[in-house]
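Trainee: Sharing a structure with you now.
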Amino acid sequence: MMWTNFLISLEIMAKGMAGIFAVIGILTLAVMLMGKWSKKDGNSGQV
């Protein structure tokens, strides 16, 4: 009983970690794309 609960909790934690890494990856790609777009416009983001 205790072992099955432990395995279930590991599976839930693994899904959570995978979700966190997926979100970090998506945000990184979004920032990289926005950086490329701002360089293309000739505006380096300075005010």
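The values are calculated or read from the model by the stated rules, or taken from the named source; none is laboratory data. Here the structure is a predicted model, which means the values were calculated and not measured. Using ideal geometry, Cβ is built from the backbone for each residue, glycine included, and neighbour counts are taken over all protein chains shown. Quick note on the areas: whole protein, heavy atoms, side chains included, nothing else; ligands and nucleic acids left out. Shrake-Rupley method; radii C 1.70, N 1.55, O 1.52, S 1.80 Å.
Trainee: Give all pairs with beta carbons closer than 6 Å in which a residue from region 25-39 that is surrounded by 10 or more Cβ atoms within 10 Å (Cβ to Cβ) meets a residue that is outside any helix (DSSP H, G or I) and modelled with pLDDT under 95; count only pairs at least 6 apart in sequence or on separate chains.
Mentor: Filtered contacts from region 25-39: SER38/GLY45.
Trainee: Right, next: Of the numbered conditions (1) modelled with pLDDT under 95; (2) among the aliphatic types (A, V, I, L, M); (3) open to solvent by 90 Å² or more (accessible area, probe 1.4 Å), ILE12 fails exactly one; give the number of that condition.
Mentor: All conditions are met except number (1).
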